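The values are calculated or read from the model by the stated rules, or taken from the named source; none is laboratory data. Just so it is clear, the model here is predicted, and its values are computed rather than measured. Methodologically, a virtual Cβ is constructed for each residue, glycine included, from the backbone with ideal geometry; neighbour enumeration extends over all protein chains shown. These accessible areas exclude ligands, DNA and RNA; they are computed on the full protein's heavy atoms, side chains included. Shrake-Rupley method; radii C 1.70, N 1.55, O 1.52, S 1.80 Å.
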Amino acid sequence: MKLQCDVEVVNRMLPTFGMKSRGKGTRAVLSIGKHLDKTTQRSNIYLMICTAKDRAGSKYKLKGNIEKFFTWFVEEGKATVRLKEPAVDICLSKADSNSLKNFLSAARLADTGSDTSSLPLSTLTPVRARDVEQPKKKLTIVSKKDYPLTSNFPHSLEQLQVSYCKLSRVDMRMLSLKALRKLDLSNNHIKKLPATIGDLSCLSELILHNNHLEAFSEALCLSTLQRTLQHLDLSQNRLQTLPAQFCQLRELVNLKLDDNALLCLPFHIGRLSKLRFLSAAHNQLAVLPGDFRKLSLENLDLFGNPFIQPNPLDHKMQLTFPLPLQELASRAVANLRIPYGPHLIPAHLCRDLEIAKTCDCGRICVSFYIKTAVSMNLHQVSHTVVLVDDMGGTDAPVEQHFCSLSCYSEFLDNSLQRGTR
């Protein structure tokens, strides 16, 4: 029976001499096994504690020698074993809770002197240095020759960078690192992301700068990344679009999309209410989505995009008279905020409602509308704005939708009045 955890052995006599314990555990391997007592020439069951400084281990007799177990926080991987002789408390922490429970059960049986044949005893031998090393939390690999081919990544990793290794896909061994908070796979040749990246339930930072990505899947947008991902770097890839579900990543604070081939930003980008830093320079953006007005940024960079010169008279007419019944029903569902879902209406209608547009009058239009573009000063949505072009401008075109001819006509009248003042 072995257990890996942090251990502090506290001498209960220290306060008598006006001394305090260190209060900090050391990585150790604990073993329960038989050892020959040289004085009695009898085999007894001992607890052996091996650390990096004492790999040979210190042994403590168990039978009839445990005064008390303290297990209030065993579910958190913490417990204390109080021995009678010597007068020490063995404080355990950072243990796997299930392994700790099994270990304490074995210690209880050894203490009571129960039938030892049922105990999973270990051989009490010195441990290897790697067994008592502190768990590795950060690993950086920036050369293909250093990439592990035969060994696994340490399961305790919280930050992993693998760059300049010419990876063409994400190594599935990385996806078993459940404590991972930051994954940096920049400067590789990755073309596709596995949906299982979304199973990394602690991941807050994903850096994929300078790869060959052509898509960011819907599955990733609907995974646990919705609740954890705060920093996403997709710059210098081959992305042309992002899925509508991208805006489900509502914890995003920093989003980098520079140097792709993006033709448009996600329709509901305004739902990213926590977004503070957005860079999408050097793409193929001609116009920004209307939802862009809802953003509240600290820094915005849209330099080097082929933005159109907005003209309210230039418009796309997508209206029929009278409106189809499906459009009228869809508008009613959206305007009255009637709950819907694929269990109530066909999935394609759900998708249409997800990208419903808001008219200048405040009402909703779905598949039938008039669309134009208007100019917006980007300082309306961001404290700091990188110039949009070499001319020093900070204005960009934003889509505007209208649910009817009358709404569009009223908009034009207002525009002409402002132009004549």
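For D96, state whether it is open to solvent by 50 Å² or more (accessible area, probe 1.4 Å), within 27 Å of F73 (Cβ to Cβ) and either of a type in the set (S, T, N, Q) or within 23 Å of the chain's Cα centre (by Cα) (or both).
Here the answer is yes, as D96 does meet what is asked.
Within the range 99-111, work out how many residues are surrounded by fewer than 19 Cβ atoms within 10 Å (Cβ to Cβ) and in contact with a Gly (Cβ under 9 Å, 6 or more places away or on another chain).
1
Go through (1) modelled with pLDDT under 90; (2) surrounded by 14 or more Cβ atoms within 10 Å (Cβ to Cβ) and name the single condition G290 misses.
Here G290 clears every test but (1).
Considering only residues that are at pLDDT 90 or above and either open to solvent by 70 Å² or more (accessible area, probe 1.4 Å) or of a type in the set (G, A, S) (or both), which ones fall in the range 146-163?
Within the range 146-163, Q159, S163 qualify.
So which of T358, T372, T320 is open to solvent by 40 Å² or more (accessible area, probe 1.4 Å) and either under 30 Å from N283 (Cα atoms) or free of Cβ contacts under 8 Å to residues at least 24 places away in the same chain (or both)?
Result of the check over T358, T372, T320: T358.
Just checking, which of L92, L3 is at pLDDT 90 or above, under 26 Å from S156 (Cα atoms) and not in a loop (DSSP other than H, G, I, E, B)?
It is L92.
Failed condition for C407, given (1) surrounded by 14 or more Cβ atoms within 10 Å (Cβ to Cβ); (2) closer than 27 Å to Q248 by Cβ; (3) out of contact with any His (no Cβ under 8 Å at 6 or more places or on another chain), with all others met?
If we test C407 against (1) surrounded by 14 or more Cβ atoms within 10 Å (Cβ to Cβ); (2) closer than 27 Å to Q248 by Cβ; (3) out of contact with any His (no Cβ under 8 Å at 6 or more places or on another chain), just (2) comes out false.
Restricting to the range 65-89, give me the number of residues that are in a helix (DSSP H, G or I) and surrounded by 17 or more Cβ atoms within 10 Å (Cβ to Cβ).
Within the range 65-89, residues that are in a helix (DSSP H, G or I) and surrounded by 17 or more Cβ atoms within 10 Å (Cβ to Cβ) number 1.
Looking at the range 112-124, is at least one residue at pLDDT below 90, of a type in the set (D, E, K, R) and farther than 20 Å from S99 by Cβ?
yes
Could you tell me whether any residue of the range 334-344 is without any contact (Cβ under 8 Å) to a residue 40 or more places away in the chain, touching a Cys at 6+ places or on another chain (Cβ under 8 Å) and open to solvent by 50 Å² or more (accessible area, probe 1.4 Å)?
yes
Which of the residues belonging to the range 332-378 are under 35 Å from the mean Cα position of the chain (by Cα) and among the aromatic types (F, W, Y)?
Y340
Mind listing whichever residues of the range 207-218 are part of a loop (DSSP other than H, G, I, E, B) and either under 16 Å from P266 (Cβ atoms) or open to solvent by less than 30 Å² (accessible area, probe 1.4 Å) (or both)?
L208, N211, L213, A215, F216, S217
For E354, state whether it is touching a Phe, Trp or Tyr at 6+ places or on another chain (Cβ under 7 Å) and at pLDDT below 90.
Answer is no for this residue.
How many of the residues making up the range 164-187 are modelled with pLDDT of 95 or more and of a type in the set (S, T, N, Q)?
Total satisfying the criteria: 2.
Between a residue in the range 241-257 that is in contact (Cβ under 8 Å) with a residue 40 or more places away in the chain and open to solvent by 50 Å² or more (accessible area, probe 1.4 Å) and any residue that is part of a loop (DSSP other than H, G, I, E, B) and among the hydroxyl-bearing types (S, T, Y), which pairs come within a Cβ distance under 6 Å, given they are 6 or more apart or on different chains?
Close Cβ pairs satisfying both conditions: K256/S235.
Among the residues of the range 65-101, write down those that are at negative phi and of a type in the set (D, E, K, R).
Scanning the range 65-101 gives E67, K68, E75, E76, K78, R82, K84, E85, D89, D96, K101.
Taking the range 375-421 as the region of interest, how many residues are under 30 Å from L297 (Cα atoms) and either in contact with a helix residue (DSSP H, G or I) (Cβ under 8 Å, 6 or more places away or on another chain) or assigned to a loop (DSSP other than H, G, I, E, B) (or both)?
Qualifying residue count for the region: 20.
Could you go through the range 219-239 and let me know if any residue there is in contact (Cβ under 8 Å) with a residue 60 or more places away in the chain and either open to solvent by less than 50 Å² (accessible area, probe 1.4 Å) or of a type outside the set (K, R) (or both).
no
Determine, yes or no, whether A329 is more than 20 Å from the chain's Cα centre (by Cα), small (G, A, S) and under 24 Å from E214 (Cα atoms).
For A329, the condition - more than 20 Å from the chain's Cα centre (by Cα), small (G, A, S) and under 24 Å from E214 (Cα atoms) - is not met.
(1) within 21 Å of K144 (Cβ to Cβ); (2) in contact (Cβ under 8 Å) with a residue 40 or more places away in the chain: which one isn't true of C202, the others all being true?
C202 satisfies all of (1) within 21 Å of K144 (Cβ to Cβ); (2) in contact (Cβ under 8 Å) with a residue 40 or more places away in the chain except (1).
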